Amino acid sequence: MIREPASHSSLLLTTRFDAIVQSLGAALDLDSALQGIVQDVRNVFQVDICLLYLSDPARPELQRLMASDGLEAHAGPPLQHAFADTLANLVAERSEPVNLCDSQASPDHQDANCQGYLGVPIMHQGVLLGVLVVQQKARYRFSESELASLATLAAQIAGGIQLAKARGRINSGASGDLSAAPFFEGVIGAPGIAFGTGHVVYAKAELARIPDRDVTDIDAEIALFQAAVSHVANELDRIAEEQGGGLTAEDRTLFRAYAMIARSDELVTSTLAGIRQGNWAAGALRNSIQEHARYFEAMEDPYLRERADDIRDIGRALLNELQTLEPVEERYPARAILVGEDLSPLDLAAVKGAHLVAVISGHGSRLSHLAILARSMGIPAVMGLADTLPLNSLHGKSLIVDGYEGRLYIEPDANLKREYRNIAARERRLSKKLRHLRDQTAQTPDGFRIPLYTNAGLLSDLNPSLAAGSEGIGLYRTEYPFMVRDSFPTEEEQYTLYRKILQTFHPRPVTLRTLDIGGDKPLTYFPIQETNPFLGWRGIRISLDHPEMFLTQIRAMLRASSGLDNLSLLLPMISRVEDLDEALILIQRARQELEQEGHSVTQPLLGAMIEVPSAVFQVEALARRVDFLSVGTNDLTQYLLAVDRNNERVARWFDALHPAVIQALLRIIRAGKRCGIPVSVCGEAAGDPAVALLLIGMGVSSLSLSAGDLPRIKWAIHSFSRQRARALLRQSLQLEQASAIRTLLTQALVDAGLEGLVHPGNSS
Ligand code: PEP
Ligand code: MG
């Protein structure tokens, strides 16, 4: 009950809710997290009792009381407890709040335990986690606004409860067989199975992101921390005492106070305790700073609340000092599984020399460029785990990454490892079986030829492409070389790079795509701040606004092709005819300039990417202007279905088998045929055997895919006649749901003996 409306302004409630959420985030285990919540809720809502139930893992409709505050003081006979549990089950069953008053609230009128009852479900990503209950001893009806506040709080703490549960599970390890062992489920990023050790990548300056790391030499870690404290505190004292620095008396007092906090017993003792438990100084410091900051944040007095920021500032200074005293040298484990809140392709590129076997990212989906890169490197990736488990606890942990199912197992036991080894072995057998296809052309049994090209973006990508029997590069993403530098590469640098690619694949064709930065491919030295980057200044739009950059890139590409003549040039993010026309004029200009400078330049094939819905509806107008079209299903699906390709929360809405996407693909391929130009598909969907069957049916001219997907797609092409694929396409066009289309195509693959493409690891 909110008895004092004046003192519980919505602002104050928001602050208090924030404090509850933050202390939940810092709790070391589930019990203390839940106990903290019930105490805080009882206090904030000023109620007699607060109860927190969690769903039984085996029977989610059944609620188990996990934490209570005030119950002891109002203990009634067991019946009332049972009744409270029944009400909690009712909240769970309905997934709706239950608000009861007086006799409704209790079967026993003598019972003083439950006269006003309000229970709200705690939902996390569509799943019921538990129930949060407040009760009043006196007859009371909770108001609508109290209900709304409790429901708001329940929504806010759901993520924290999920993480606190996960923390407990991380420490208990995964045991048993595949079907029973507990795992963390994320979004499938890239397929494959990997065994290895977690290596957390973090932003060095961000205290909150510092991972836990085990230390063996505790005394050395203590000495390091003490040295950092004394250095930082002495420095603060020195500033406070410095004469002539222009500091006011108040400033000096502040610096003295900072020095005192840095040396304070509370901070030092709790950090030392953390180190003694085996955590490294930075991890122990993170915990104690967060704990102290939260303590201040929970205070009513605005002045004291502000002190939380001071504590964090001191934490940052200490962290900085720790890192200066002992710079962290990234030592990757033997089989490194890179883990990070928001890993970027650059983090992968940074792991040079180490044996990287998998990637775990807190955010993103299989269409994120990180996942695409992992696929081209042939390593599994699981994405979107940030809301499911505290990633910074994974450092040094033994992990199994199942990229087929999007699962992560922590500290697996021998049984589980054995099961996964068997799957990995079956995988290898399938790859071996498909190896003989390497030098065969991709052709259906009834003679329909579909050249298979590969997608690439880093020089290291070329070898897997060659090894997979790629017939050329169907999409070279030129932005990666721009991303790994700290300024735009010069024409000469670009020339060298493009020349190497064209030479490596000569005489096979190579499609170089012009720069497609923006969206999720930022350049540190060319920052673009936008609220909606995927709908913003991206791809060709930037190139046209910076013709000097565009011309440099085109010149480098044309020069690189000189004498080889295997270049195709592809323009990304075309959304209107004007953009294409303007780009084509610039390409012409670059060519003329080069000729005037005495270079011999052959006209490359020019192509437009179809990846924006407007381009689908104007596909013929675009097709008339170029030599080929290339469909970017990643962006096309994102824009057609209004699903952010990087957002794990909406990953299940992203499906290239959505009937609207199929209709769009059909329209594009038919337009290509009418205009007499080839249509290739280069998005990730080209590597999905089910989508590939439909594309064969549509008569796609070629596919460009990750090197790792190539042998399987070739197997599918060899196994399905064009006629059969056409029939499947006709059937699919009758269906209204992606799931039904997937079922149809999956069954077709299984019936054709391609079970291994559908359930990797089940093949013999
Ligand atoms: C696409 O959008 O499908 C595509 C191939 O381009 P990118 O993934 O680089 O945006
Ligand atoms: Mg794209």
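No lab work stands behind these numbers, since they all come straight from the coordinates. In this text, all values refer to a predicted model and were calculated from it rather than measured experimentally. Backbone-built Cβ (ideal geometry, glycine too); neighbour counts: all protein chains shown.
Rounded to whole Å and ordered largest first, report the semi-axes of the equivalent ellipsoid of region 627-721 derived from its Cα gyration tensor (root of 5λ). Write out the running numbers ahead of the final one.
On the way: eigenvalues 90, 59, 26 Å².
Square roots of five times the eigenvalues give 21, 17, 11 Å.
The distance between label points at R331 and L147 comes to 6.0 nm (points 7 Å beyond Cα on the Cα→Cβ vector).
Net length available on complete extension from L584 to R276 is 104.3 nm, with 0.36 nm assigned per residue and the Cα-Cα distance removed. All other residues whose Cβ lies under 12 angstrom from that of R674 are scored, Lys and Arg at +1 and Asp and Glu at -1, for a net of +3. Take the alpha-carbon centre of region 613-691, take the same for region 694-736, and report the distance between them in whole Å. The distance from the Cα centre of region 613-691 to that of region 694-736 comes to 15 Å. Shape analysis of region 438-762 based on the Cα gyration tensor places the equivalent ellipsoid semi-axes at 32, 22, 19 Å, largest first. For region 398-495, applying the loop criterion from DSSP together with a ceiling of 10 other beta carbons within 10 Å to the GluC sites (Glu not before Pro) yields no site. Applying the criteria of a DSSP loop state and at most 10 other Cβ atoms within 10 Å to the trypsin sites (Lys or Arg not before Pro) of region 331-371 yields R331, K352.
What ratio of Cα Rg to 2.2 N^0.38 Å holds for region 195-284?
Numbers: Rg = 16.6 Å, N = 90, 2.2 N^0.38 = 12.2 Å.
Compared with the compact-globule rule of thumb, region 195-284 sits at 1.36.
Normalise the Debye intensity by I(0) for region 346-411, one equal point scatterer per Cα, no solvent, then take log10 at q = 0.16, 0.20, 0.26 Å⁻¹ and round to two decimals. Values returned for q = 0.16, 0.20, 0.26 Å⁻¹ are -0.51, -0.83, -1.38. Angle of helix 659-675 to the longest C-alpha principal axis of the chain, folded into 0 to 90 degrees and rounded to 10: 20°.
Each of L28, Q723, L356 was placed along the dipole of the chain (beta-carbon charges, centred on the mean Cα), and the one lying farthest toward the positive end is Q723.
Helix 547-561 and the long axis of the chain differ in direction by around 50°, with both axes built from C-alpha atoms.
For region 204-280, the list of GluC sites (Glu not before Pro) that fall in a loop by DSSP and count at most 14 other C-beta atoms within 10 angstrom reads E206, E242.
Considering only DSSP beta bridges with both partners in the chain, what is the antiparallel share in %, to the nearest 5?
Numbers: 43 of 81 bridges.
Of those bridges, close to 55 percent are antiparallel.
Based on the reciprocal of the average 1/r between different C-alpha atoms, the Kirkwood radius for the chain equals 29.4 Å.
For the chain, what is the number of Lys pairs with C-alpha distance below 21 angstrom, counting only pairs 8 or more positions apart or on separate chains? Please list the in-between numbers first.
Numbers: K165/K397; K204/K352; K204/K397; K352/K500; K352/K521; K397/K417; K432/K714; K433/K714.
So the count works out to 8.
Between helix 302-325 and the chain there is an angle of about 60 degrees, using the helix long axis and the longest principal axis of the Cα atoms. Pairwise inverse Cα distances across region 517-664, averaged and inverted, put the Kirkwood hydrodynamic radius at 16.7 Å.
How do the peptides 130-136, 660-666 rank, highest first, by the average count of neighbouring beta carbon atoms within 10 Å per residue?
Working: 130-136: 26.6, 660-666: 19.9.
Answer by packing, highest mean first, reads 130-136, 660-666.
For the Cα trace of region 290-362, dividing Rg by the Kirkwood Rh returns an Rg/Rh value of 1.19. Using just its DSSP H runs of length 4 or more, each adding -39500 (n - 2.57), the chain gives a mean residue ellipticity at 222 nm of -15000 deg cm²/dmol after division by all residues.
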